[in-house]
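We did not get these values from a lab; they are worked out from the coordinates using the rules stated. Predicted, not measured: the structure shown is a model, and the values here were computed from it. Quick reminder, even Gly has a Cβ in these numbers, built from the backbone with ideal geometry, and neighbours come from all protein chains shown.
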Amino acid sequence: MKIVPSLTDISQLTSSWKKQGQTISLVPTMGCLHEGHLSLMRKAKDMGGKVIVSIFVNPLQFGPNEDLASYPRQFVIDCELAENEGVDAVFCPENKYMYGDSFQTAVTVSKLSQGMCGKDRPGHFDGVSTVVAKLFNLTRADSAVFGQKDFQQLAVIRQLVKDLNFPIQIIGSPIVREDDGLAMSSRNKYLHGDSRQQALCLYSSIIAARELVTESRDKILAQTVIEQTKEIIARAGAALEYAVLKDESTLLDDVVVSSDSILVLAAKIDGTVRLIDNGRLFPD
Ligand code: PAF
């Protein structure tokens, strides 16, 4: 497996692969890889060509009071994990080369970046969209795999690809959970003891919402699900940032629960650790 820190080298490597007729699948990450990321790599491997994992803690997507400095980093372990999955190259650019002194461009997906995480993290999705556009250009990937845990991020990236005509296929990959249901996240490293226990309230809210809709014969208002979610999160002692019911195909807010409804939520655990999760309310 090649470890490629240089922007020029990654472009040369991918050009040589293209000349050989290879396709390229990209798994963009910020490192601190866990089983969720590994599942993305396996999906990328299934595409049949070369696989690149990018590891770059993107400063543009962190707000001033967020955890950029303390974001967990474990580069050597990450490279071992990627190599074990048969990844062909890890692209690990340095910040000063990704964003030189004269850098001044931002990619904005205006409507989808508002609300939900966009409300609590102003500028976050501009940072994500900008880095993802750069990664697509640098790697010339034919496909890229993203986790469905980041529901809004996936929607923003799909829109970006459509609007800017990137010749790339975006693949969403299902959430991977710990045995007790906690969605895998690099930020789970911040959780210990009581806070780890408290964090289960996100998944419990999804399960409770599923029970509510499957046990009812009548139509259920989205507001009823949201009120129940608020109660569960508050009872656990966490702080709900948002809970919304979205129609998975239109991405619009649901008023009434339907077979396409997906509960999307974010909560702060122990006052500090911000976690997100989502789940369909009806079985597939
Ligand atoms: O999901 C992430 O880890 C990041 O937002 C991404 C897509 C790698 C962009 O920095």
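Below is a table of values for the structure above.
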| quantity | calculated |
| --- | --- |
| Once the Cα gyration tensor of the chain is diagonalised, semi-axes √(5λ) in Å | 33, 20, 19 |
| Reference-scaled alpha-carbon Rg (2.2 N^0.38 Å with N residues) for region 48-132 | 1.27 |
| By average C-beta atoms within 10 angstrom, highest first, the peptides 249-257, 179-187, 266-274 | 266-274, 179-187, 249-257 |
| Length-normalised contact order of the chain in % [C-alpha pairs under 8 Å, at least 6 apart] | 17 percent |
| Lys19-Arg177 FRET efficiency (beta carbon distance; Förster radius 51 Å; 0.05 resolution) | 0.80 |
| Too-long pairs where the Cα-Cα distance tops 30 Å, listed order kept, from Lys2/Lys134; Lys50/Lys162; Lys162/Lys230; Lys2/Lys119; Lys162/Lys219; Lys18/Lys246 | Lys162/Lys230; Lys2/Lys119; Lys162/Lys219; Lys18/Lys246 |
| Hydrodynamic radius by Kirkwood, which averages 1/r over all alpha carbon pairs of region 168-284, in angstrom | 14.7 Å |
| Ordering of 130-136, 10-16 by packing [mean C-beta count within 10 Å, highest first] | 130-136, 10-16 |
| As computed over region 153-232, the Cα convex hull volume per residue (Å³) | 157 Å³ |
| Relative contact order, percent, region 144-266 [alpha-carbon distance under 8 Å, six or more residues apart] | 18 percent |
| Separation of the Lys162 and Ser11 label points, Cα + 7 Å toward Cβ, nm | 3.0 nm |
| Cα-centre dipole for the chain with unit charges at Cβ (Lys and Arg positive, Asp and Glu negative), debye to 20 | 640 debye |
| Distant-in-sequence amide H partners of Ile220 (H built 1.01 Å from N, under 5 Å) | Val257 |
| Cα gyration tensor, region 171-216 - rounded (a/c under 1.5), prolate or oblate | oblate |
